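S.K.: Below are the structure tokens for one structure; questions will follow.
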Amino acid sequence: FEQRPAPLIVNPHGGPFGIRDVWGFNPEVQFLASRGYAVLQINFRGSGGYGRDFQFAGKREWGGKMQDDLTDGVRWAIAQGIADPQRIAIYGASYGGYAALAGVTSTPELYRCAVNYVGVTDLSIITSWGRRTGDRSSEIFFREWVGDDKDYLQSRSPVNFVEKIRVPTLHAYGFNDPRVDIKHWTRLEPKLKQFN
């Protein structure tokens, strides 16, 4: 059945650079749709498949223009009558988890809940990864694509804005995750307990 406007789940992809969502069967999205949710997947700037300029437009835009693309997509879905503005969630993994947290800290009025699955919470952790491991290419990549100015990184890290969260959130992390260090959770958890 078709229900409009429908409850909406914004599902930003991970990566974020060079990765993209494509047209076709996605079992996770189909599961959500089969339960009556509209699902919005946005290839925000930085995503792959749209040329070099589009991908490079995502450089140093974590929590900035990349997040604005998600926000604009939500507002579009509301204006089109697709999404019920009182029933919008944001859910993602890795960069998508970061985007979920950035959504409920930068535009808390848009969302009724968020699911952060192994999301980056503190950009200084990922930008220091290359230095910690001695991987020079990773260090250069993160410095160029995420940023290297301490104040900038702090201003784009959701862990520093937890007090702005107004809705329920669900978080999932793994102690042995090779990509998203558990420190993202151990820094976030006490702040969540402090403010919520």
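The values are calculated or read from the model by the stated rules, or taken from the named source; none is laboratory data. Source: prediction; values computed, not measured. Positions of Cβ are backbone-derived with ideal geometry, glycine not excepted, and every protein chain shown enters the neighbour counts. For the accessible areas, the whole protein counts, side chains as well, though only heavy atoms, and no ligand, DNA or RNA atoms are used. Shrake-Rupley method; radii C 1.70, N 1.55, O 1.52, S 1.80 Å.
S.K.: Go through region 1-56 and name the chymotrypsin sites (Phe, Trp or Tyr not before Pro) that are in a DSSP coil and have 12 or fewer other Cβ atoms within 10 Å of their Cβ.
M.R.: F1, W23, F25
S.K.: Separate question: Please list, by residue number, every one of the trypsin sites (Lys or Arg not before Pro) in region 1-68 that is coil in DSSP and has at most 13 other beta-carbon atoms within 10 Å. Kindly include the intermediate steps, with their values, before the conclusion.
M.R.: Details: sites: R20, R35, R45, R52, K59, R60, K65; in loops: R20, R35, R45, K59, R60.
Here the sparse-neighbourhood loop sites are R35.
S.K.: Kirkwood Rh over Cα pairs of region 142-194 into Stokes-Einstein at 4 °C, 1.567 mPa s: D in µm²/s?
M.R.: 101
S.K.: Placing +1 at every Lys and Arg Cβ and -1 at every Asp and Glu Cβ, with all other atoms neutral, what dipole size does region 14-93 have around its Cα centre, in debye to the nearest 20?
M.R.: 120
S.K.: Excluding residues on the same chain fewer than 8 positions from K193, give the lysines whose Cα lies under 28 Å from its Cα.
M.R.: Straight-line reach from K193, under 28 Å: K150, K164, K183.
S.K.: Taking the solvent-accessible surface of protein heavy atoms with a 1.4 Å probe, what is the per residue accessible area of the chain in Å²?
M.R.: On the way: 10280 Å² over 196 residues.
Here the residues of the chain average 52 Å² of exposed surface.
S.K.: While we're looking at this one, here's another question. As a test of reading the structure, rank E139, E189 by solvent-accessible area (1.4 Å probe, protein chains only), most first.
M.R.: Reading off the accessible areas and sorting them downward yields E189, E139.
S.K.: At 1.4 Å probe size, with the rest of the protein present, what percent of the exposed accessible area of region 101-196 is carbon and sulfur atoms? Write down the numbers at each step before the final one.
M.R.: On the way: 2790 of 5190 Å².
Heavy-atom surface of region 101-196 belonging to carbon and sulfur, 1.4 Å probe: 54 percent.
S.K.: Between S34 and D53, what is the spin-label point distance in nm, taking each point 7 Å from the Cα along the Cα→C-beta axis?
M.R.: With each label placed 7 Å out from Cα toward Cβ, I get 4.2 nm.
S.K.: With a sphere of radius 15 Å drawn around the Cβ of Q67, what net charge do the other residues whose Cβ falls strictly inside it have (Lys, Arg +1; Asp, Glu -1)?
M.R.: Computed value for this residue: +2.
S.K.: Further question on the same structure: Could you work out [θ]222 nm for the chain from helices alone, using -39500 (n - 2.57) per DSSP H run of at least four and dividing by all its residues? Round to the nearest 500 deg cm²/dmol.
M.R.: Computed ellipticity for the chain at 222 nm equals -11500 deg cm²/dmol.
S.K.: Can you compute the radius of gyration and Dmax for region 1-50, using only the Cα atoms, both in Å?
M.R.: 12.2, 36
S.K.: A further question follows. Protein chains only, probe 1.4 Å: how do V167, V74 rank by accessible area, largest first? Walk me through the intermediate numbers first.
M.R.: Values: V167 30, V74 0 Å².
Order by accessible area, largest first: V167, V74.
S.K.: Consider just the alpha-carbon atoms of region 40-187 and return their Rg together with their Dmax, both in angstrom.
M.R.: Looking at region 40-187, its Cα Rg and Dmax stand at 15.4, 51 Å.
S.K.: Please compute the volume of the convex hull spanned by the alpha-carbon atoms of region 20-78 and report it per residue in Å³.
M.R.: 90
S.K.: Out of all Cα-Cα pairs in region 14-113, roughly what percent, to the nearest whole number, are more than 25 Å apart?
M.R.: Details: 833 of 4950 pairs.
So the pairs more than 25 Å apart make up 17 percent of the total in region 14-113.
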